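Engineer: Pasting a structure here, questions to come.
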Amino acid sequence: MDLSEIIYYTVTAVALAIWVYRDALTSQRNQWLWGTGVLLNSTFFFPLYFWTRPPEFYWRCPQCDRTNRAWTRQCPRCEAVVPAIDMESRLYGFWTEADAVSIFLLTQATTLFVAFMVGVELAPNGEGIQDASKLWLVQMITVNVMLALSFYCITVRYRRAVQDIGLRTENWLRWMPLGLLAGLALVFIQNGITTIFAWAGSLFHFDLSGQLEREMATQQLGWPTSFHDPLLLVVLFVAGILVPLGEEILVRGIAYRAARARFGPGTGMIIISLVFAFLHQSPAFFPGLFVIGLALNYLYERTNSLLPSIFAHASINITAILVKVSVQ
Ligand SMILES: [Zn+2]
């Protein structure tokens, strides 16, 4: 563990512990017990805290469209009554940022657990490298767990349809080329921004380009060695298709929608993009990732569909894979 990782884990654990402490105060659970638990092991206690609490349910009045709380079957506005037998199928809830964080933490824990099980070292520092196919097996299992938890959250826990988050196939013929082109443009923009910041950093004696090179070298490991390497197909499938799908559902569909409900679209976008960039734990890439996050959120907000940002994300990842393989 280097210093930046220690800072990252400390900041995260303290922030999550304060969050749970304050929430427990208002929901009358033991704030000291939960706060300490989250501080010591946030991966386990944070999801446990939020997912052991039953969500609040609402229903929409069939007559006047008002959103009502679950404890009454009579609409307070138009006084229409929903029969008890229909009630169950009408109820739905709203997820919050806590659900997105829970899914993220559990996904991270899955990565560590699966990596341990198949005997892969996750932070390779260059020597004696390991089986690249095992690394990608870990990735594939992890992203499937992330997808499963996201679908559980949306459809089971909050009883909503995936169409509600914009996961619809309509207009896909328009969104596919738009998304793929936007992704290509973003690759160039991100490269430009990263280069400019590395240069600006050097003016103030921050060695961002050295750090950039070290990160590129680490990331170079575990990739297919040529275009004939059969591993390339696995990598394209996992990093080019599954990861964009899973990350867009979690980051845009779950996290951004929760942030937008609380802070509005503008502030919501900025918060989610900052968090998205922070999670990559890479100061050198931070500004570029922040701009990518903003652009993907903007695509989602403008089109009200998850397809454009999924295609854009896929296009960014596939470009990165092809560039990596061609310079090997
Ligand atoms: Zn009504």
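The values are calculated or read from the model by the stated rules, or taken from the named source; none is laboratory data. Computed from a predicted model, the values in this text were never measured in an experiment. Every residue, glycine as well, gets a Cβ built from its backbone with ideal geometry; the counts of neighbours run over all protein chains shown.
Engineer: Among helices (runs of 4 or more DSSP H) lying entirely in the stretch 1-73, which contain 1 or more residues that are of a type in the set (Lys, Arg)?
Structural biologist: 3-26
Engineer: Give the stretch 272-284 a look and list any residue that's assigned to a loop (DSSP other than H, G, I, E, B) and surrounded by 21 or more Cβ atoms within 10 Å (Cβ to Cβ), or say none.
Structural biologist: Once the filter is applied, which keeps residues that are assigned to a loop (DSSP other than H, G, I, E, B) and surrounded by 21 or more Cβ atoms within 10 Å (Cβ to Cβ), the stretch 272-284 yields only Ala284.
Engineer: For the stretch 287-302, does any single residue satisfy the condition of being at negative phi, under 15 Å from the mean Cα position of the chain (by Cα) and in a loop (DSSP other than H, G, I, E, B)?
Structural biologist: No, the stretch 287-302 has no match at all.
Engineer: Determine whether Thr36 is at pLDDT below 95 and within 26 Å of the chain's Cα centre (by Cα). Quick ask: steps written out before the conclusion?
Structural biologist: On the way: at pLDDT below 95: no; within 26 Å of the chain's Cα centre (by Cα): yes.
So Thr36 fails the test.
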